[in-house]
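Asks: The structure's right below; bear with me while I get my questions together.
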Amino acid sequence: MQLCQAHRKLLKGLRGTSVIVRFVTNTTKESKQDLLERLRKLEFDISEDEIFTSLTAARSLLEQKQVRPMLLVDDRALPDFKGIQTTDPNAVVMGLAPEHFHYQILNQAFRLLLDGAPLIAIHKARYYKRKDGLALGPGPFVTALEYATDTKATVVGKPEKTFFLEALRGTGCEPEEAVMIGDDCRDDVGGAQDVGMLGILVKTGKYRASDEEKINPPPYLTCESFPHAVDHILQHLL
């Protein structure tokens with residue numbers, strides 16, 4: 001609770017400046033609306049247009065391609081695909097969906113891909129943080145299907161450059177004017193820095209010792225926590 005209070009206080013401090021704030025996430029465990037409601041219950045003053053998710057990016061790609069996806073996503077994420085035709089699928093979309101990652105379902109996806117269906121990965125995170133510890137992300141399962149079908153997935157979430165550029169759309173900011181704060185060295189920091197942003201790695205969440213050594217160039221800054229990162233921005237980058 002104290003951590004949430006500190007986050008809210010710092011967010012309020014950022015809003016008192018000229019800084020534009022966006023919350024970008026690879027989460028596929030819940031819809032954008034559910035995420036917004038959860039943050040508001042924690043008393044974060046956030047509007048829907050400040051959140052950009054990989055589910056948003058995936059839906060946009062499906063509409064562009066005009067395909068009918070087999071959705072391997074958590075049931076709580078399905079509202080973000082409302083209106084998308086899924087009968088007689090001719091594409092495979094993979095997010096984080098542990099309840100679907102078993103042989104029978106993955107084999108169905110495998111056969112669709114063999115027949116020429118495109119593979120769309122909402123993201124390819126290696127692992128994520130749960131209450132009981134680290135757990136496999138969708139990345140290993142996407143890679144397994146790529147290997148089995150000799151195909152390459154189209155990835156729409158972090159660390160893809162288009163994800164970060166889409167998140168900046170409408171802000172009036174160039175990548176060189178933006179700072180990304182995250183706990184994933186590759187997907188958050190590395191992806192952001194690849195498009196020209198500054199990347200700040202925080203030692204919370206899924207961070208593991210020496211993560212900052214896994215990317216080149218290394219993070220612009222490594223901090224103990226989100227509040228420390230925001231303090232640095234307020235004191236040194238404005």
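The values are calculated or read from the model by the stated rules, or taken from the named source; none is laboratory data. For clarity, every value in this text was computed on a predicted model and none was experimentally measured. Because the Cβ atoms are built from the backbone with ideal geometry, glycine has one as well, and the counts that use them run over all protein chains shown. Ligands, DNA and RNA are excluded from the accessible area calculation, which covers all protein heavy atoms including side chains. Shrake-Rupley method; radii C 1.70, N 1.55, O 1.52, S 1.80 Å.
Asks: Let me spell out the model: positive unit charges on the Cβ of Lys and Arg, negative unit charges on the Cβ of Asp and Glu, origin at the Cα centre of the chain. What dipole size does that give, in debye rounded to 20?
Replies: Values: 30 positive and 33 negative charges, 81 e Å.
Magnitude of the dipole: close to 380 debye.
Asks: Helix 2-15 against the longest principal axis of the chain: what's the angle in degrees, Cα atoms only, rounded to the nearest 10?
Replies: Computed tilt is about 80 degrees.
Asks: Using DSSP loop states and a limit of at most 15 other Cβ atoms within 10 Å to flag trypsin sites (Lys or Arg not before Pro), what is the longest stretch of the chain containing no flagged site? Before the final figure, lay out each step's value.
Replies: Numbers: sites that count: Lys82, Arg126, Lys131, Lys152, Arg169, Lys203, Arg208, Lys214.
In short, 1-81.
Asks: Taking only Cα atoms, what is the 0 to 90° angle, nearest 10, from helix 103-114's long axis to the longest principal axis of the chain?
Replies: 80
Asks: Let me ask something additional. Suppose accessible area is computed on protein heavy atoms with a 1.4 Å probe; arrange Leu237, Leu36 from highest to lowest. Before the final figure, lay out the partial values.
Replies: On the way: Leu237 65, Leu36 5 Å².
Descending order: Leu237, Leu36.
Asks: Share of the chain's accessible area from carbon and sulfur, percent, 1.4 Å? The partial results should precede the final answer.
Replies: Details: 6490 of 12960 Å².
So the carbon and sulfur contribution to the accessible surface is 50 percent.
Asks: Also, I was wondering about something else. Find which of Val67, Gly83, Ala57 sits farthest along the positive direction of the dipole of the stretch 45-101, computed with +1 on the beta-carbon of Lys and Arg, -1 on that of Asp and Glu, about the Cα centre.
Replies: Result: Val67, furthest along the dipole toward the positive end.
Asks: Starting from the 7 Å offset along Cα-to-Cβ, what nm value, one decimal, do you get for the label separation of Leu134 and Ser47?
Replies: 3.9
Asks: On to the next question. Cα-Cα pairs above 24 Å in the chain: how many percent? Mind dumping the intermediate values first?
Replies: Details: 13217 of 28203 pairs.
Roughly 47 percent, rounded to a whole number.
Asks: Please report the antiparallel percentage of the DSSP beta bridges confined to the chain, to the nearest 5.
Replies: Details: 4 of 23 bridges.
The antiparallel fraction comes to roughly 15 percent.
Asks: Same structure again: Rounded to the nearest 20 Debye, what is the dipole magnitude of the stretch 75-192 about its Cα centre when Lys and Arg each give +1 and Asp and Glu each give -1 at the C-beta? Please list the in-between numbers first.
Replies: Values: 13 positive and 17 negative charges, 57 e Å.
With Lys and Arg at +1 and Asp and Glu at -1, about 280 debye.
Asks: Here is the link list: Lys65/Lys203; Lys41/Lys152; Lys65/Lys214; Lys29/Lys152; Lys65/Lys131. Which ones come out longer than 31 Å on Cα distance? List each step's numbers first, then the result.
Replies: Values: Lys65/Lys203 39 Å; Lys41/Lys152 39 Å; Lys65/Lys214 34 Å; Lys29/Lys152 24 Å; Lys65/Lys131 37 Å.
With Cα atoms farther than 31 Å apart: Lys65/Lys203; Lys41/Lys152; Lys65/Lys214; Lys65/Lys131.
Asks: Count the net charge of all other residues whose Cβ sits under 9 Å from the Cβ of Ala153, scoring Lys and Arg as +1 and Asp and Glu as -1. Write out the running numbers ahead of the final one.
Replies: Working: positive: Lys124, Lys152; negative: Glu146.
Around Ala153, the charge tally is +1.
Asks: Using helices alone, I'd like the mean residue ellipticity at 222 nm for the chain: each DSSP H run of four-plus residues gives -39500 (n - 2.57), total over residue count, nearest 500.
Replies: -9500 deg cm²/dmol
Asks: Sticking with this one: Could you report the stretch 106-206's accessible area per residue, 1.4 Å probe, as an integer in Å²? Intermediate results must be reported in sequence, preceding the final value.
Replies: Values: 4930 Å² over 101 residues.
Accessible area per residue, the stretch 106-206: 49 Å².
Asks: Let me ask something else. With unit charges on the beta carbon (Lys/Arg positive, Asp/Glu negative), name the residue among His232, Leu136, Val195 whose Cα is farthest towards the positive pole of the charge dipole of the stretch 129-238.
Replies: Leu136
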